[in-house]
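Comments concern the structure below.
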Amino acid sequence: MHKPGPRRYLLQPRSYPSLLSLVIPMYNEEAVVGFLRRALEDFMRTLGCDAEIILVNDGSTDTTLPQVADWADQDRRVKVIDLSRNFGHQLATTAGLDFATGDAAVILDADLQDPLYVIAEMMVHYCEGYDVVYGQRQCRDGETCFKRCTAWLFYRLMRRMVHQDLPLDAGDFRLISRQCLNGLQQMREVHRFLRGMVAWAGYPQISVPYRRACRVAGATKYSLPKMLRFAWTAATSFSTLPLKASIVMGIVVSLLGFAEGLRATLAHLFHWYAVPGWSSLTVLVSLVGGAILISVGVVGEYVGKIYEQIKDRPLYLVSRAFNVGAATFQHHDEPVTWRTYR
Ligand code: UDP
Ligand code: MG
């Protein structure tokens, strides 16, 4: 069978962006603000264009907000979007992208795990005509073996379930062109897996390999339950495979039941030795019961997602914004709702 290869693009070269937006979600990152500031200030001096830094405070409970507000006070290029509570990494990033006004935006971790020098390489591809340039991790310094293994499995599973174009080992560190950003802004689903959404959006995409550094300070905000929830959102918001899996499970369990029935009949007819016990019955009942419950649970997950989406709530609410011009805030004055982007 002919397997289609990667898509071919007819690239249209474009000029260097006149404004680059750096979007950085932050949750309890007080330990890294100083490092981040120094690194970004150095980086912006080497950048051949103007840049705006969009710091999204995702309901931090430490001193992140006062620190970044102070930074914004001293540097007009720094815009702070203070969300009304913790909405999670994917929504905080979405908020940052919504407020980005640049010709291209780069999503970064606040902890400097994504090296800034890679952005220069991303810009080269941007000028070649690529709309999405994602960083592909070659090596993860300072991460536990468990995290590396689960991440390895996650990307391979997601590629099967979410989108065949989902790049392997690529996090959210990526450059996105204005054209693709405008497309993303029209996708207002509540359960967001940005990487899958960017893969879905299409456009010419390319990877740049990089070595993922250690956190400069602080600890990861992705605990195991959070990672599992993230994986589940990724799987169920892009794929109906779990629904199909429950059908397969139902068939398997039914076949088991059928086989057991056959065996019992034959045992009766041919007077095989049979323990007149409950064990086989119990096994069957629990198998069937388990399969039904799991299937109902999976359906419930999807119904829950439909319910959340149908409520039509804004994705996030902004409490305050610093250095955000009237022009940008025009869309946001109502209060900020996603409807304004439709
Ligand atoms: N983050 C956020 N909201 C959250 C969790 C994380 O804005 O609820 C931010 C966090 O401050 C960091 C980025 O998302 O800038 C990625 O998180 P982290 O570095 O902890 O994840 P890891 O790199 O360990 O996967
Ligand atoms: Mg990180």
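For this structure, a couple of remarks:
- Within region 191-205, if we keep just the residues that are more than 12 Å from the chain's Cα centre (by Cα) and buried (at least 19 other Cβ atoms within 10 Å of the Cβ), the residue that is farthest from ligand 1 (Cβ to nearest atom) turns out to be P204.
- Condition met for R160 (within 10 Å of R195 (Cβ to Cβ) and of a type in the set (K, R)): no
- Within region 72-104, the set of residues being of a type in the set (S, T, Y), away from ligand 2 (no atom under 16 Å from the Cβ) and within 21 Å of E189 (Cα to Cα) comprises S84, T94.
- Of all residues in region 146-172, those that are buried (at least 18 other Cβ atoms within 10 Å of the Cβ) have Cβ atoms under 7 Å from Cβ atoms of residues that are among the β-branched types (V, I, T), 6 or more apart or on another chain, in D172/T93; D172/I107.
- Identity of the residue in region 20-54, more than 16 Å from ligand 2 (Cβ to nearest atom), under 25 Å from the mean Cα position of the chain (by Cα) and not charged (D, E, K, R), that ends up surrounded by the most Cβ atoms within 10 Å (Cβ to Cβ): I54
- When A92 is tested against (1) modelled with pLDDT of 95 or more; (2) outside any helix (DSSP H, G or I), exactly one condition is not met: (2).
- Selection of first residues in region 43-63 that are at positive phi and within 13 Å of ligand 1 (Cβ to nearest atom) and of second residues that are in a strand (DSSP E or B) and open to solvent by 20 Å² or more (accessible area, probe 1.4 Å), restricted to Cβ pairs under 9 Å at least 6 apart or on distinct chains, gives the following pairs, ordered by first then second residue: G59/S319.
The values are calculated or read from the model by the stated rules, or taken from the named source; none is laboratory data. Everything numeric here is computed off the predicted structure, so don't read it as measured data. Cβ sites come from the backbone with ideal geometry, for glycine too, and all protein chains shown count toward neighbours. Accessible surface is based on the protein model in full, side chains and every heavy atom, while ligands, DNA and RNA are left aside. Shrake-Rupley method; radii C 1.70, N 1.55, O 1.52, S 1.80 Å.
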